[in-house]
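K.L.:
Have a look at this one before I ask anything.
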Amino acid sequence: MEMDILSFIQEYAVLPVAAACFLLGWLLKNTFAAFPDKFIPVALVPVGLVGVLWLNAWAFTPENVLKGICSAALAVLIHQSGKQLIAKAEADKVEPGGVANE
């Protein structure tokens, strides 16, 4: 059985919680220079868990835990996808010889 990660995230992610996680991750990256980028996903998981539990009347079930983790993962996925698209667009502006295309 093949597991498709994107469909899994699509099924379990809660968009308002993912948006809150995205905002928190952006604030951590741009406000606290001493906070290492590699720990931002780790910091988002508890926020996702608390957000989903709060929306579901603090019902601590395996499905709600999974929804919290997937919401944090969606926030990271959106950020990384945008970051890679911007990097690709910047790389396309420069020719292989190092001369910018305009």
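Just so you know, all these numbers are worked out from the coordinates, no wet-lab data involved. This is a predicted model, so every value here is computed, not measured.
K.L.:
Taking 8 Å as the Cα distance limit and 6 or more residues as the minimum spacing, I'd like the relative contact order of segment 5-91 as a percentage.
P.N.:
40
K.L.:
Using Cα positions and a limit of under 18 Å, work out the lysines in reach of Lys29, with same-chain residues fewer than 8 apart set aside.
P.N.:
Lys38, Lys83
K.L.:
Remind me, what semi-axes does the chain give for its equivalent ellipsoid, largest first in whole Å, using sqrt of 5 times each Cα gyration tensor eigenvalue?
P.N.:
Gyration-tensor ellipsoid for the chain: 33, 17, 10 Å.
K.L.:
Something else about it: So if each residue of separation counts as 0.36 nm, and I subtract the Cα-Cα distance between Trp26 and Thr61, what length gain in nm does that give?
P.N.:
Value of the extension gain: 9.7 nm.
K.L.:
While we're on this one: Given only helices, namely DSSP H runs of n ≥ 4 each adding -39500 (n - 2.57), what is the per-residue ellipticity at 222 nm of the chain, to the nearest 500 deg cm²/dmol?
P.N.:
Taken over the chain, the calculation gives -24500 deg cm²/dmol.
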